[in-house]
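Undergrad: Sharing a structure below in structure tokens format, with a few things to ask.
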């Protein structure tokens, strides 16, 4: 890892403050004054900042309440992206765990732990995702049985895994799926002869969107939330 990134992950300094500290000779690597922010740091190296030994950065796990009209992408030249909402100098290296469409809101997880990400997103692990769906037309009672049987979407090689639909009222339901296929929820309702008007992800596995988070806000996951996956 680069020296400046190591310090950024291990302290509260901004990137500009890190570069200033290095220029001032306030950063030592194994007792030697560091010269370059891009210097490579190995796991066994000891880095001190103003005489304080920095601990190796740990893994990061975040929950974000994704608003509508924000892309699940790292950067985009013309549109806002979810990483633009992370007001932290420590966001470099974060991965988006299971993307949401631009107009879909709700729970989004971010991490730099690739194995944890894989446990959530791999179809083999069948991690549950619950969405609140509102539709243009009334939801038929037959939709519950059709989804539970595992629908075959046009263009897909295999049928979807069985999904659980809980109808809340004529146009609103909770849908629990264990996959993350392209536009899956919208395509499922399209195959049912309906159209999704709004889509909001409420939970992933045992991790539920914190009701205290307004759209665009985020927080670190608790130890119990991290371990639940």
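Undergrad: Filter region 38-66 down to residues that are surrounded by fewer than 18 Cβ atoms within 10 Å (Cβ to Cβ) and over 20 Å from residue 120 (Cβ atoms), then give me how many there are.
TA: Of the residues in region 38-66, 17 are surrounded by fewer than 18 Cβ atoms within 10 Å (Cβ to Cβ) and over 20 Å from residue 120 (Cβ atoms).
Undergrad: Now for a separate question. Looking only at residues in region 22-34 that are touching a residue at least 12 places away in the same chain (Cβ under 8 Å) and under 14 Å from residue 7 (Cβ atoms), which one is surrounded by the most Cβ atoms within 10 Å (Cβ to Cβ)? Even if it seems obvious, please write down each step before you answer.
TA: Filtering region 22-34 down to residues touching a residue at least 12 places away in the same chain (Cβ under 8 Å) leaves 22, 26-31, 34.
From what's left, under 14 Å from residue 7 (Cβ atoms): 22, 26-29, 34.
Details: 22: 20, 26: 16, 27: 25, 28: 16, 29: 18, 34: 22.
Filtering first and then ranking leaves 27.
Undergrad: Which of the strands (runs of 3 or more DSSP E) found entirely inside region 23-80 contain at least 3 residues meeting this: under 30 Å from residue 107 (Cβ atoms) and in the same structural domain as residue 227 (by TED's automatic domain parsing)?
TA: Hits in region 23-80: 61-66.
Undergrad: May I pose another question? Which one of the conditions (1) in a loop (DSSP other than H, G, I, E, B); (2) crowded, with 19+ Cβ neighbours inside 10 Å; (3) in contact with a helix residue (DSSP H, G or I) (Cβ under 8 Å, 6 or more places away or on another chain) does residue 108 fail to meet, given that it meets all the rest?
TA: (1)
Undergrad: Which of the numbered conditions does residue 132 fail, given that it passes all the others? Conditions: (1) assigned by TED's automatic domain parsing to the domain that holds residue 81; (2) closer than 17 Å to residue 206 by Cα; (3) in contact with a strand residue (DSSP E or B) (Cβ under 7 Å, 6 or more places away or on another chain).
TA: The number of the failed condition is (1).
Undergrad: Here's another thing I want to ask about it. Mind checking which residues of region 120-137 are in contact (Cβ under 8 Å) with a residue 12 or more places away in the chain, touching a helix residue (DSSP H, G or I) at 6+ places or on another chain (Cβ under 9 Å) and assigned to a helix (DSSP H, G or I)?
TA: none
Undergrad: Looking only at region 168-200, which residues are in contact with a helix residue (DSSP H, G or I) (Cβ under 9 Å, 6 or more places away or on another chain) and under 13 Å from residue 66 (Cα atoms)?
TA: Answer for region 168-200, where residues must be in contact with a helix residue (DSSP H, G or I) (Cβ under 9 Å, 6 or more places away or on another chain) and under 13 Å from residue 66 (Cα atoms): just 199.
Undergrad: Quick check on region 201-224: of everything there that is crowded, with 19+ Cβ neighbours inside 10 Å and out of contact with any helix residue (DSSP H, G or I) (no Cβ under 8 Å at 6 or more places or on another chain), which residue is modelled with the lowest pLDDT?
TA: 221
The values are calculated or read from the model by the stated rules, or taken from the named source; none is laboratory data. Being a predicted model, the structure only gives us computed values, none of them experimental. Positions of Cβ are generated from backbone atoms using ideal geometry, with glycine treated the same way; all protein chains shown enter the neighbour counts.
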